[in-house]
Amino acid sequence: MKPRVTVEDLDNWFTYHPPTGETQIAAYTALRTEARRFAGVIYTLCPDGPDRTAAIRKVREAVMTANAGIACAGEPEAADGTDEAPGRSRTEP
């Protein structure tokens with residue numbers, strides 16, 4: 001039975017993966033932009049306190065985990081099969 005986590009997984013997860021192209025860089029940017037927007041909504045709507053802090057921390061964790069997924073998997077692909085970055089459409093500036 002293959003282990004759930006392999007040595008190859010560890011090597012991949014704990015190796016620096018520089019961005020491999022414009023699509024990957026655009027994906028990182030889209031994630032940060034949308035996460036910042038969502039964190040701003042949380043900041044505005046939730047009263048100051050530990051729950052607001054925790055919610056914003058979880059948004060940060062989500063971005064870090066998504067970035068790791070992109071980095072470890074290589075160049076992301078758009079859902080329609082084009083090389084357009086996720087979170088962006090051809091009509092957006």
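The values are calculated or read from the model by the stated rules, or taken from the named source; none is laboratory data. Just so you know, these numbers come straight off a predicted model, no measurement behind them. Note that each Cβ is placed from the backbone with ideal geometry, even for glycine, and that neighbours are counted across all protein chains shown.
Tell me the residue from Thr23, Thr33 that is at pLDDT 95 or above and either more than 14 Å from the chain's Cα centre (by Cα) or among the polar types (S, T, N, Q) (or both), please.
Only one candidate passes the filter, namely Thr33.
Starting from residues that are among the aliphatic types (A, V, I, L, M) and surrounded by 13 or more Cβ atoms within 10 Å (Cβ to Cβ), keep the ones in the stretch 26-49 and report whichever is nearest to Ala66 (Cα to Cα).
My answer is Leu31.
A quick yes/no check of all residues on (1) touching a Phe, Trp or Tyr at 6+ places or on another chain (Cβ under 8 Å); (2) at pLDDT 95 or above:
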residue	(1), (2)
Thr6	no, no
His17	no, no
Tyr43	no, yes
Arg52	yes, yes
Pro93	no, no
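Pairs only if they're at least six apart or on different chains, beta carbon under 7 angstrom, first in the stretch 1-25 and closer than 13 Å to Ala68 by Cβ, second acidic (Asp, Glu) and surrounded by 10 or more Cβ atoms within 10 Å (Cβ to Cβ); list them, first residue then second.
Gln24/Glu75
Quick one: Gly74 ticks every box in (1) of a type outside the set (A, V, I, L, M, F, W, C); (2) at positive phi; (3) modelled with pLDDT of 95 or more bar one, so which box is it?
(3)
Filter the stretch 33-59 for residues that are under 21 Å from Cys72 (Cβ atoms) and in contact with a helix residue (DSSP H, G or I) (Cβ under 6 Å, 6 or more places away or on another chain) and give the result.
Ala35, Val59
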